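The values are calculated or read from the model by the stated rules, or taken from the named source; none is laboratory data. These figures come from a predicted structure and were not determined experimentally. Neighbour counts are summed over all protein chains in view; Cβ atoms, including those assigned to glycine, are modelled from backbone coordinates with ideal geometry.
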Amino acid sequence: MRILAIGDVTDPRAASELASRLWEIRRSLSLDFVAVNAENAGFIVGPDPEVAQTLLDGGVDVLTGGNHTLQKKGLFSLLDGDRRVLRPANYPPEVPGAGYAILDAKGYRLLVMNAVGRVEMEPSDCPFRAVDKILDREEGNYDLAMLDFHAEASGEKMAMGYYLDGRVQAVYGTHTHVPTADEQILPHGTGYITDIGYCGPRDSILGISTEVVLHRYLTHLPERFVPAEGEIRIEGVVFTLDESARRCTKVERVVL
C-alpha cells in the first residue's frame, strides 16, 4: 500500500491547485490513499466548507487538522457530518467532529488519527494518552494505522514516533511548514518523519508574502498577513506499507 501525506495547505489558491493536479499525481505515484492537512487552507485559519469540499472532490481521502481548525464556525457542520474531515483528537470532547476515522484503503481498514502537540502550543489534553485511547477503543476494528501529529517541537514529535513504534504503521509531523530530512523506519517498523512540509506558494515565507513578513521583522510594526503569489509547491511524504507484516517498508519525501 502506498500512502501520500501532504503538508499544511496554506490558502484557498493552493487548495485549488492541489485539487486540480491530484488525480494525475495519484496515477503517477501509484497511490492508494491521500491524506492532506488542511488546517491553514482558509489562509492561516481552517478551511471553509467549500475549500474542504474542493479538496475532497479533487482526490483527497482524508483531511486532517490542527490548532486553527476550529477557527471557522462554518466548518463545524462538515466536521460533524463527514468522517473524512478530522480535528485533533485531544481537543475537548464537546467540540465538533472527531479526531480519527477508519477509512477504506486498497480494501483494508485504515485508522487515520490526528492529534495536536502541547509544547509551545495552545493548551490541550495529552496527545499520547489520546492516541492510546483510540487504539484501545478500536482494537480489532482496523488493519493499519497512521497519525498526523500537528506540533511545534521536534522533540515532542520524535517522542510520539517512538511511543507508537510498532503499534501504528506511519507517524508524521505537520505544522512548521518546513520539511525535515529525517525520514526513517523506526526499530519496530513504523515509518516516521518530523515534518512533511507544506502546500503553498514556492516563493514565500511559510506561505505568506515575503514583503509583508520582512516588513514586520524590520520595523516591528503590525501588518496584515497576505498570501504570497506565484507557483504552488506541493510537499509531502509517501509511506509504503507491507499490509501482511503490518510494517512500513519505505518512506520517501516528495516535492511536486
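Can you confirm whether the stretch 125-145 contains a residue that is within 16 Å of C248 (Cβ to Cβ), of a type outside the set (V, I, T) and outside any strand (DSSP E or B)?
yes
Out of (1) closer than 30 Å to E139 by Cβ; (2) assigned to a loop (DSSP other than H, G, I, E, B), the odd one out for V36 is which?
(2)
Please identify the pairs in which a residue from the stretch 198-217 that is closer than 17 Å to H175 by Cβ has its Cβ atom under 6 Å from the Cβ atom of a residue that is in a strand (DSSP E or B) and among the β-branched types (V, I, T), counting only partners at least 6 apart or on another chain.
Note: pairs meeting the criteria are C199/I6; C199/V9; C199/I234.
Could you go through the stretch 229-250 and let me know if any residue there is touching a Pro at 6+ places or on another chain (Cβ under 9 Å), of a type in the set (V, I, T) and under 30 Å from Y142 (Cβ atoms).
Yes.
Just for the stretch 153-195: of the residues that are of a type in the set (G, A, S) and more than 20 Å from R129 (Cα to Cα), which one is surrounded by the fewest Cβ atoms within 10 Å (Cβ to Cβ)?
Checking each candidate, the answer is A181.
Can you find a residue in the stretch 98-115 that is of a type in the set (S, T, Y), touching a strand residue (DSSP E or B) at 6+ places or on another chain (Cβ under 9 Å) and in a strand (DSSP E or B)?
Scanning the stretch 98-115, I find at least one residue that is of a type in the set (S, T, Y), touching a strand residue (DSSP E or B) at 6+ places or on another chain (Cβ under 9 Å) and in a strand (DSSP E or B), so the answer is yes.
How many residues, within the stretch 218-249, are of a type in the set (K, R) and touching a residue at least 60 places away in the same chain (Cβ under 8 Å)?
The number of residues fulfilling the criteria is 2.
Among S16, S20, which is the only one that is part of a helix (DSSP H, G or I), of a type outside the set (A, V, I, L, M), touching a residue at least 24 places away in the same chain (Cβ under 8 Å) and closer than 22 Å to V237 by Cβ?
None of the others qualify; the one that does is S20.
Taking A181, is it hydrophobic (A, V, I, L, M, F, W, C) and part of a loop (DSSP other than H, G, I, E, B)?
So A181 fits the description; yes.
Out of the stretch 23-52, which residues are aromatic (F, W, Y) and without any contact (Cβ under 8 Å) to a residue 40 or more places away in the chain?
Answer for the stretch 23-52, where residues must be aromatic (F, W, Y) and without any contact (Cβ under 8 Å) to a residue 40 or more places away in the chain: just W23.
Being among the hydroxyl-bearing types (S, T, Y), over 16 Å from the mean Cα position of the chain (by Cα) and surrounded by fewer than 12 Cβ atoms within 10 Å (Cβ to Cβ) is true for just one of T219, T249, T210. Which residue is that?
Answer to the check: T219.
Output the residues belonging to the stretch 105-137 that are among the acidic types (D, E) and either at pLDDT 95 or above or under 15 Å from K157 (Cβ atoms) (or both).
Result: E120, D125, D132, D136.
Could you grab the pairs with beta carbons closer than 6 Å, sequence gap of 6+ or different chains, first residue in the stretch 98-114 and in contact (Cβ under 8 Å) with a residue 60 or more places away in the chain and surrounded by fewer than 24 Cβ atoms within 10 Å (Cβ to Cβ), second one in a loop (DSSP other than H, G, I, E, B) and not charged (D, E, K, R)?
Here the result reads K106/M1, each pair linking the stretch 98-114 to a residue that is in a loop (DSSP other than H, G, I, E, B) and not charged (D, E, K, R).
In contact with a helix residue (DSSP H, G or I) (Cβ under 6 Å, 6 or more places away or on another chain) and more than 17 Å from F239 (Cβ to Cβ), is that true of G66?
So G66 fails the test.
Can T64 be described as of a type in the set (S, T, N, Q) and closer than 17 Å to A145 by Cα?
Answer is yes for this residue.
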